[in-house]
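Structure first, then comments.
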Amino acid sequence: MIVRTRYLDILRPFIDKPLIKVISGVRRCGKSTFLLQIASFLKETGVKEENILVINKELLEFDFIKTYTNLHDFIQSYFKGKRGRHYLFVDEVQDIEAWERCIASLLAEANTDIYISGSNARLLSSDLATLLTGRYIQIMMHPFSYREFSEMVAKMETSTSAISEFDRYIKFGGFPGLHSLGWEETPARQFLESLYNTILLKDIVVRYNVRDVYMLEKISNFLISNCGSITSANKISAYVKSQHRKISVDTVQNYIAYTRNALLTHQVKRYDLKGKRILESLEKYYLCDTGLRYALMGYPPENVPGNLENIVLLELLSRGYSVSLGKLNGFEVDFIAEKGSEKIYFQVCMTLKEEKTIQREYRPLEAIDDHFPKYVLSLDQGFETSLKGVQWMNIKDFLLQE
């Protein structure tokens, strides 16, 4: 088992605080396992096992818990007579009718530290704000980072090429369930296709009562095939019309929002560095995991640059940064990563072997007149060019940083 230390570090300050800890993330990214890791961590810090209750609604032994009253009665019965602070974990909490009534009541009683996770279709931030009214913190999980992926590969294999390992990560992505399939082409692709279809069906079609499933699939496929490219609802609407189908821009925007709510895609907006404002159009969309792109499109060489950008974006998000695209005097900056007072600029490319590529990647960063760090990331080895304060780093080295 790979311990998700990055998320434990985020969570640690909130342990025993009067807030409900909500673990969110795309399907099969490891939320259920992470709940067990939190419980294990608590035991290591001295919490008695009898004071920890883990309820997983996917297990038949908890099938009798159907309503908030069933949940409350079971919790009260379990903890009765057990002294000290109690710790409650409920996985797939959305399967319990009116679960928030029980959870809010336990929080008010002030003797139970509460952790929940569940389907994104029922645990959106907007829903939580209504159900729990500011009494929660949300921790967003992602599939394995490259560092976690490397740790898993090291435990499974006696030796492996670092290059082949990274290529494998770019291709298959970081969904934890893939390790049980040994990254074999056919079963891995079937697993990823099935996961993608489940997200579309359960987290989008069912939740939003989508009737034109074909159109949803077309728009989703467009976002995936154009991963990392500037796009807009107008552009997608025009593309659909070229396929002899009609769809309004508003409908396109709704369908895009559905994919974002299901955490299938991440929208990165453009920021005008000169005007100091967010631009309202021509954003980029990235996937929750590059493996889903492989499942739908295979692994053509032309997809690799977009996949590299996608991987760097997910790494920045998992490190807690908010990310935008930069626009300055006709130049584009791939990512502006911000966290508190910290800001870092990034350009991402495959290789810097040609002078024109060096100029293309370095020039936008050189044009930025501030003191914040600026990096060009590529797959080159030993490329030590540092120009006008812009630093170079190998992508894999960046991903493996603490």
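Overview of results
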item	result
Nonlocal amide H pairs with T67, under 5 Å, H built at 1.01 Å	E97
Gaussian network model of the chain, springs between alpha carbon atoms under 10 Å - residue of D370, D334, D272 with greatest fluctuation	D370
Rounded to whole Hz, the Karplus (6.51, -1.76, 1.60) HN-Hα couplings of region 311-318, x for glycine and proline	5, 5, 4, 4, 5, 5, 4, 5
Segment T385-R260, extension gain: residue separation times 0.36 nm, minus the distance between their alpha carbons	41.3 nm
Gyration tensor (alpha-carbon) shape descriptor, region 65-139, a/c threshold 1.5	prolate
Length released on extending from L296 to K353, taking residue separation times 0.36 nm less the Cα-Cα span	17.4 nm
In region 276-347, the GluC sites (Glu not before Pro) that fall in loop regions by DSSP, at most 15 other Cβ within 10 Å	E280
Computed over region 243-337: relative contact order in percent, which uses C-alpha pairs under 8 Å that are six or more apart	25
Linear extension gain, S232 paired with D9, 0.36 nm per residue minus alpha-carbon span	76.6 nm
Estimated distance in nm for a label pair at V213 and A98, the labels positioned 7 Å out from Cα along Cα-to-Cβ	3.3
Region 123-128 - phi-based ³J(HN,Hα) in whole Hz, Karplus 6.51/-1.76/1.60, Gly and Pro as x	10, 5, 4, 5, 5, 5
Cα-based shape type of region 5-141, given that a ≥ b ≥ c are square roots of the gyration tensor eigenvalues and the cut on a/c is 1.5	rounded
Under the Karplus curve 6.51 cos²θ - 1.76 cosθ + 1.60, θ = phi - 60°, whole-Hz ³J(HN,Hα) for region 13-30, x wherever Gly or Pro sits	x, 9, 5, 6, 8, x, 9, 7, 8, 10, 9, 10, x, 4, 3, 6, 8, x
Nearest-0.05 FRET efficiency for Q401 and F331, computed from C-beta distance (R0 30 Å)	0.70
Modelled FRET efficiency - R0 25 Å, N221 with D127, Cβ distances, 0.05 increments	0.35
Mean separation of Cα contacts under 8 Å (6+ apart) over length of the chain, as relative contact order %	13
Antiparallel content of DSSP bridges confined to region 322-399, in %, to 5	55
GNM result for the chain, Cα springs below 10 Å: residue of F41, F144, F346 fluctuating most strongly	F41
(1) 20.1, 65; (2) 20.6, 58; (3) 22.6, 73, with the label sought being that of the calculated Rg and Dmax of the Cα atoms in Å	(3)
Long-range amide H partners of L352 with built H, under 5 Å	D380
GNM flexibility winner over the chain from G340, G177, G228 (Cα, springs under 10 Å)	G340
Size of electric dipole in region 5-141: Cβ of Lys, Arg +1 and of Asp, Glu -1, about Cα centre, debye, nearest 20	340
Cα centroid of region 204-252 to Cα centroid of region 45-105, whole Å	41
Amide H partners (placed H, <5 Å) of Y136, local residues excluded	I20
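No lab work stands behind these numbers, since they all come straight from the coordinates. Bear in mind that the values here come from a model prediction, so they are computed numbers and not experimental data. Here Cβ is always computed from backbone atoms with ideal geometry, including for glycine, and neighbour counts include all displayed protein chains.
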